[in-house]
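Chemist: Please read through the structure below; I'll follow up with questions.
The values are calculated or read from the model by the stated rules, or taken from the named source; none is laboratory data. Please read these numbers as outputs of a predicted model, since none were measured by experiment. In this analysis, Cβ positions are derived from the backbone assuming ideal geometry, glycine residues included, and neighbour counts consider all displayed protein chains. To get the accessible areas, we keep the full protein, side chains included, count just its heavy atoms, and leave off ligands, DNA and RNA. Shrake-Rupley method; radii C 1.70, N 1.55, O 1.52, S 1.80 Å.
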Amino acid sequence: MEIIRLDLGERGYPIYIGGDLLGRADLVAPCIRGEQVLVVSNETVAPLYLEQTAAAFSDYRCASVILPDGEQYKTLQTLETIFDQLLEQRFDRRSTIVALGGGVVGDLAGFAAACYQRGVDYIQIPTTLLAQVDSSVGGKTGVNHRLGKNMIGAFHQPRCVIADTGVLETLEDRQLSAGLAEVIKYGLIRDVEFFCWLEQNMDRLLARDPEALAYAIGRSCRNKAEVVAADEREGGVRATLNLGHTFGHAIETGVGYGRWLHGEAVATGMLIAADLSRRLGWLTPEEVARIDNLIDKACLPTRAPADMDCDQFLELMAVDKKAHGGRINLVLLERIGAAVVCGDYHPQLLKQTLEDHLAVGGGIL
Ligand code: NAD
Ligand code: GLY
C-alpha cells in the first residue's frame, strides 16, 4: 500500500492506495470521533461493495443511504435524501459520513458532511478511476444547478481517502477512459515526465495492468496533493487543475447532464485549450498532435459535440467560476507540463477556435 499525505496542517490527511483496502478497520478507526457512521453509496456500487466496506465500521452504529445513480442526480434534491436519513436516525455532530462511489457520490456526500450541523467528518472511498485520481482528494464538494455545473458547494476536507485499486475491475471501459482524462491532465499541467510515461504505457492502463494503474493513481494523487497543499481555496495555482474544465463544463451542461461523461467532456476541453494555446503561439503543432494522439489512444473523444453552437458554448462558459467581470479566464498551456491561467487573449481568437472545433463536430451524440 502506498500512503500519500495531503499536507494541510491540522486538516491534513492520508491517501491510501492499494489492493484489499475496503474492509480495513485499522485505516478508518483513527478518523472517527463518535459512534455513528452513515455510508452514502448508490444503487450500482452498493450491491458490489457496501457489505465489504461496512465490515470496517462494525465497531460503530453504521447505517447506509443508497442514492440513484447518475450525474443528473447530483442535485440539492438528492442531498435532501441524505439529510433525511441523518435527521431521522438522529446522527449527532460527532458522526462520520462515508462516501462509497464515484465522483458524484463523493461530491454529494462531502457536501452533506460540510453542511450537516455546520460540518461533520467524512471519509472518501472512491470507486472510479476518476474519483481515485481527482475528485476524492482536495475537499471540493457540491452539486449541480440546471444553469451550471458544480455551482453550489463548499470546501470541506475528508479525514482520509481510501483508494482500493481492486474495485476498478468492475468499472466499465468507458468510465475507465473518463478517469484517464484527469490522469492525462496532471501530465499536461505540471508533470511532463508523467505525460511521456503515459504515452508509453496507455495500453497497459487500458488493459488494467494493476502495477501500471497503481503507479498512475499514486502519481496523480501526489500531483493533486501538492497543488492543493499550495493553494487549498483556489486563489491561484489550484485553478490549473481545471485545464479543459471550462470547455468541458459547458459541454456537460449544454448536451444535458449525464450524456457526456465528465472525463470525456474534460478530454475534448483539454484539446480545445491546447488548440487555443497553439494559436497564441505557445504550443507547437507537434505538441498539440501528441496531446490529440494520447487522448485518442485513451479512447476519449477528440471532437466537440455536433449539436452545440458557438453562442451556446460561450454563454455556458461565462457561468464558469473562473469568470470575473464578464471575462472568461482559461487554463492554457505554455508547453506540455506547464499551465497558466489566462484572461488576456482576444475574444475573437476564442470564438474562432470554438467555431473551428464545432465545425468539425462529430463527438459523442
Ligand atoms: P460517477 O460517480 O457518475 O461514476 C461513474 C459510474 O460508474 C456510475 O454509474 C457509478 O455508479 C459507476 N461506478 C462507480 N464505481 C464503480 C465500480 N467500482 N464498478 C462499477 N461501476 C462503478 O462519475 P465519476 O466519473 O466518478 O465522477 C464524476 C463527477 O465527479 C462529476 O460530477 C464531476 O463534476 C465530479 N468531480 C469532482 C471533482 C472534485 O474535485 N470534487 C473533481 C473531478 C470531478
Ligand atoms: N478538480 C479540480 C480541483 O480539485 O481543484
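Chemist: So which residues in the stretch 272-312 are open to solvent by less than 10 Å² (accessible area, probe 1.4 Å) and either within 16 Å of Val340 (Cα to Cα) or among the acidic types (Asp, Glu) (or both), if there are any at all?
Modeler: The answer is Ile272, Ala273, Ala274, Leu276, Ser277, Leu283.
Chemist: Which pairs turn up if I take residues in the stretch 136-147 that are over 16 Å from Ile82 (Cβ atoms) and look for partners that are open to solvent by 70 Å² or more (accessible area, probe 1.4 Å) and within 10 Å of ligand 2 (Cβ to nearest atom) with beta carbon separation below 9 Å, at least 6 apart in sequence or on another chain?
Modeler: none
Chemist: Is it the case that Ile15 is in contact with a Leu (Cβ under 8 Å, 6 or more places away or on another chain) and either within 16 Å of ligand 2 (Cβ to nearest atom) or not β-branched (Val, Ile, Thr) (or both)? Walk me through how you get there before you give the answer.
Modeler: Numbers: in contact with a Leu (Cβ under 8 Å, 6 or more places away or on another chain): yes; either within 16 Å of ligand 2 (Cβ to nearest atom) or not β-branched (Val, Ile, Thr) (or both): yes.
Yes; evaluated as a whole, the condition is true for this residue.
Chemist: Moving to a separate point now. Check the stretch 113-120 and report whether any residue there is open to solvent by less than 10 Å² (accessible area, probe 1.4 Å), within 8 Å of ligand 1 (Cβ to nearest atom) and small (Gly, Ala, Ser).
Modeler: For the stretch 113-120, residues open to solvent by less than 10 Å² (accessible area, probe 1.4 Å), within 8 Å of ligand 1 (Cβ to nearest atom) and small (Gly, Ala, Ser): absent.
Chemist: Moving on to the next point. Within the stretch 26-73, track down each residue that is open to solvent by 30 Å² or more (accessible area, probe 1.4 Å), under 28 Å from Ala265 (Cα atoms) and hydrophobic (A, V, I, L, M, F, W, C).
Modeler: Answer for the stretch 26-73, where residues must be open to solvent by 30 Å² or more (accessible area, probe 1.4 Å), under 28 Å from Ala265 (Cα atoms) and hydrophobic (A, V, I, L, M, F, W, C): Leu48, Ile66.
Chemist: Kindly indicate which of Val161, Val167, Val143 is farther than 20 Å from Arg238 by Cα, buried (at least 20 other Cβ atoms within 10 Å of the Cβ) and in contact with a Phe, Trp or Tyr (Cβ under 9 Å, 6 or more places away or on another chain).
Modeler: Val167
Chemist: Restricting attention to the stretch 200-225, and to residues there that are within 21 Å of Ala274 (Cα to Cα) and either among the hydroxyl-bearing types (Ser, Thr, Tyr) or surrounded by 16 or more Cβ atoms within 10 Å (Cβ to Cβ) (or both), which single residue is nearest to ligand 2 (Cβ to nearest atom)?
Modeler: Lys224
Chemist: Now a separate question. Between Val228, Val161, Val237, which is in contact with an Asp or Glu (Cβ under 7 Å, 6 or more places away or on another chain) and within 15 Å of ligand 2 (Cβ to nearest atom)?
Modeler: Numbers: Val228 fails: in contact with an Asp or Glu (Cβ under 7 Å, 6 or more places away or on another chain); Val161 fails: in contact with an Asp or Glu (Cβ under 7 Å, 6 or more places away or on another chain).
Result of the check over Val228, Val161, Val237: Val237.
Chemist: Before we move on, is Ala212 assigned to a helix (DSSP H, G or I), free of Cβ contacts under 8 Å to residues at least 24 places away in the same chain and within 27 Å of Arg24 (Cα to Cα)?
Modeler: Yes, satisfied.
Chemist: Tally the residues that are at pLDDT below 95 and within 13 Å of ligand 2 (Cβ to nearest atom), restricting the search to the stretch 127-158.
Modeler: First pass over the stretch 127-158, keeping only residues at pLDDT below 95: 144-151.
Within this subset, residues satisfying the condition of being within 13 Å of ligand 2 (Cβ to nearest atom) are 149-150.
Final tally of qualifying residues: 2.
Chemist: When Arg335 is evaluated against the numbered criteria (1) among the charged types (D, E, K, R); (2) at pLDDT 90 or above; (3) over 20 Å from Gly236 (Cβ atoms), which criterion, by number, is the only one it fails?
Modeler: (3)
Chemist: I'd like to check something: does the stretch 84-92 contain any residue that is part of a helix (DSSP H, G or I), of a type outside the set (D, E, K, R) and open to solvent by less than 10 Å² (accessible area, probe 1.4 Å)?
Modeler: Yes, the stretch 84-92 has at least one match.
Chemist: Okay, moving on. Kindly indicate whether Gly142 is in a loop (DSSP other than H, G, I, E, B) and within 20 Å of Gly244 (Cα to Cα).
Modeler: So Gly142 does not fit the description; no.
Chemist: What is the number of the single condition among (1) closer than 14 Å to Ala338 by Cα; (2) crowded, with 18+ Cβ neighbours inside 10 Å that Ala250 does not meet?
Modeler: Condition not satisfied by Ala250: (1).
Chemist: Just to be sure I understand, how many residues within the stretch 119-131 are farther than 14 Å from Asp107 by Cβ and in a helix (DSSP H, G or I)?
Modeler: Residues that pass the stated criteria total 1.
Chemist: Further question on the same structure: Got a number for residues in the stretch 152-172 being more than 11 Å from ligand 1 (Cβ to nearest atom), of a type in the set (D, E, K, R) and closer than 21 Å to Leu48 by Cα?
Modeler: 0
Chemist: Determine which member of the set Gly218, Gly248 is within 16 Å of ligand 1 (Cβ to nearest atom) and touching a residue at least 12 places away in the same chain (Cβ under 8 Å). Step through it out loud before you land on a result.
Modeler: Values: Gly218 fails: within 16 Å of ligand 1 (Cβ to nearest atom).
After applying the criteria, what remains is Gly248.
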